[in-house]
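J.: Pasting in a structure now, in structure tokens, and then I'll have a few things to ask.
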Amino acid sequence: MNRLIIFDTTLRDGEQSPGASMTRDEKVRIAHALERLRVDVIEAGFPAASPGDFTAVQSVAKAVQNVTVCALARALPDDIEKAAQAIRPAASGRIHTFIATSPLHMRYKLRMSPEQVLQQTRKAVHQARQMTDDIEFSAEDAGRSETDFLCRIIEAAIDAGARTINIPDTVGYNIPSQFGKTLRTLMERVPNADKAIFSVHCHNDLGLAVANSLDAVIAGARQVECTINGLGERAGNAALEEIVMAVRTRQDVFACDTKLDTTQIVNCSRLVSNITGFPVQPNKAIVGANAFAHESGIHQDGVLKNRETYEIMRAQDVGWSQNRIVLGKHSGRNAFRTHMASLGNHFSSEETLNEAFTRFKALADKKHEISDDDLQALVTEITPAYNHIQLIDLQVTSGTGKIPQAEITIRIDQQEKSTTATGDGPVDACYRALESLIHSGSDLKLYSVNNITQGTDSQGEVTVRLEKTGYLVNGQGSDTDILIASVKAYINGCNKLLNLAEKAHPERCHV
Ligand code: KIV
Ligand code: ZN
């Protein structure tokens, strides 16, 4: 009862953020980072949603050892079968099956009566239980469901073999005191409640996902479902780093704690941001660049005299000092490979290792001290599935009184193409030139630049969001030259679009 289970759903609910889709290799990289963070459960995907989701869950199940790998399934025989198959290679696997229980969802979405939903729950949990012992059941939209019906369905799910009962606030409608009360009521009224662990899964539509989750923990929930950086559908899910640090920091309030190695938090946050292209806002709790920065003189003076005057946590406890300067231009291939492995980046072939090492050397020539963040950014660019289009050469001229002009050479599927274009600014000129070569036909929805590390020799990390026929992708590029980073980001986005089209991704079945 004094252990709080952390169920991370960055790879499933997090991936449902528009534009945050991840490749199989990216999911595996994040899964390794989550394993180092020591989360208890990784929800790796929704295998019935697409063949790509299926193989991603399977790959994560093979890749990690010390964490339970979970697959999501609707309460339908085919979904459950696919989830069971996908988690088969896992050292420890879980099936998470769900069905909606609110009057609104049952009537309009499922077109089923409450009795039918109850029956389907029993069948689904029973079927899943034939495949593995570790079954989680979620009552989707529990936050707007009737308490009496919730009690009946939870009792049935536990009776059929569910070990974890998850209460999602699917649309982020609840407020803290109310949500905690719901948990307390359910745990008191369901006759077999003592045979399951109660879990919560809160969305952030009203900005209350973390507060609601914590209120439920005070009421007795012992699993929280959350995501790194609060990534997730719409306004996102409860942010893992906030839940974990609130519980750890306020042990006077919480009767439980997690087993996480919190010094891995910042690394995980940066990796997820780097892969998905969702920047972390500077004032974000725990992982924002300003989270431990003191600007006002009074605060700085106080912290110098006694850190606790204005800091309730130590920056190094969440991993702020971990981003060391690790490698330089004299580092060899072996040191590079070993250090990359310690960050969870294992190269699938000598060819990808060579490519990464060549890029590392090029970067080390421009920037003498290379940090972990630089290395993670470097790997993100070398995802083999994306390599249809590559940048070969870029020359840009711009300045006061000049019309910006970009001259660009790229390789598209082994064929080199060059062109020149002008634009309103140098980035505009680059993108016009690229578009006249690639003809992606996509709309540029977002362009943003961030620095990866501090100082003027820092790499700039550019994120672009491209939209084409309903698909949204985030492209990323990094370089000490932000124009090159901008071009790489655009090319990365176009490669992702091509990759999606190639897979002829069947319609994703969003929850
Ligand atoms: O938000 C939700 O209800 C979900 C369930 C599938 C747990 O993501
Ligand atoms: Zn959700």
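J.: Could you say which residue among Ala221, Ala238 is buried (at least 24 other Cβ atoms within 10 Å of the Cβ), at pLDDT 95 or above and within 12 Å of ligand 1 (Cβ to nearest atom)?
T.: Being buried (at least 24 other Cβ atoms within 10 Å of the Cβ), at pLDDT 95 or above and within 12 Å of ligand 1 (Cβ to nearest atom) holds for just one of Ala221, Ala238, which is Ala238.
J.: Is there a residue in region 322-331 that is over 24 Å from Arg29 (Cβ atoms) and touching a Phe, Trp or Tyr at 6+ places or on another chain (Cβ under 8 Å)? Before the answer, list the steps.
T.: The initial filter retains those residues of region 322-331 that are over 24 Å from Arg29 (Cβ atoms), namely 329-330.
Applying the additional criterion that residues be touching a Phe, Trp or Tyr at 6+ places or on another chain (Cβ under 8 Å) yields none.
Checking region 322-331: not a single residue is over 24 Å from Arg29 (Cβ atoms) and touching a Phe, Trp or Tyr at 6+ places or on another chain (Cβ under 8 Å).
J.: For Gln251, which of the numbered conditions (1) open to solvent by 20 Å² or more (accessible area, probe 1.4 Å); (2) under 23 Å from Val28 (Cβ atoms); (3) in contact with an Asp or Glu (Cβ under 7 Å, 6 or more places away or on another chain) fails to hold?
T.: (2)
J.: Now a separate question. Do any residues in region 117-146 that are within 18 Å of Cys70 (Cα to Cα) and open to solvent by 10 Å² or more (accessible area, probe 1.4 Å) have Cβ atoms under 7 Å from those of residues that are among the small types (Gly, Ala, Ser) and in a helix (DSSP H, G or I), where the two are at least six apart or on different chains, and which pairs are they?
T.: Note: pairs meeting the criteria are His126/Ala160; Arg129/Ala160; Met131/Ala84; Thr132/Ala84.
J.: When you scan region 1-31, how many residues do you find that are open to solvent by 10 Å² or more (accessible area, probe 1.4 Å), closer than 12 Å to Val69 by Cα and more than 16 Å from ligand 1 (Cβ to nearest atom)?
T.: Going through region 1-31 one residue at a time, the tally reaches 1.
J.: Working only within region 63-110, note down all residues that are open to solvent by 70 Å² or more (accessible area, probe 1.4 Å) and either of a type in the set (Ser, Thr, Tyr) or under 19 Å from Val171 (Cβ atoms) (or both).
T.: Arg74, Leu104, Arg107, Tyr108, Lys109 - these are the residues of region 63-110 that are open to solvent by 70 Å² or more (accessible area, probe 1.4 Å) and either of a type in the set (Ser, Thr, Tyr) or under 19 Å from Val171 (Cβ atoms) (or both).
J.: Please state which of the following conditions Ser440 fails to meet, knowing it meets all the rest: (1) within 17 Å of Gln476 (Cα to Cα); (2) outside any strand (DSSP E or B); (3) open to solvent by 50 Å² or more (accessible area, probe 1.4 Å).
T.: Ser440 satisfies every listed condition except (3).
The values are calculated or read from the model by the stated rules, or taken from the named source; none is laboratory data. Predicted model only: the values in this text are computed from it and were never measured. Counting neighbours? That spans all protein chains shown, and the Cβs are built from the backbone with ideal geometry, glycine included. Note: accessible area is taken over every heavy atom of the protein model, side chains too, but ligands, DNA and RNA are not part of it. Shrake-Rupley method; radii C 1.70, N 1.55, O 1.52, S 1.80 Å.
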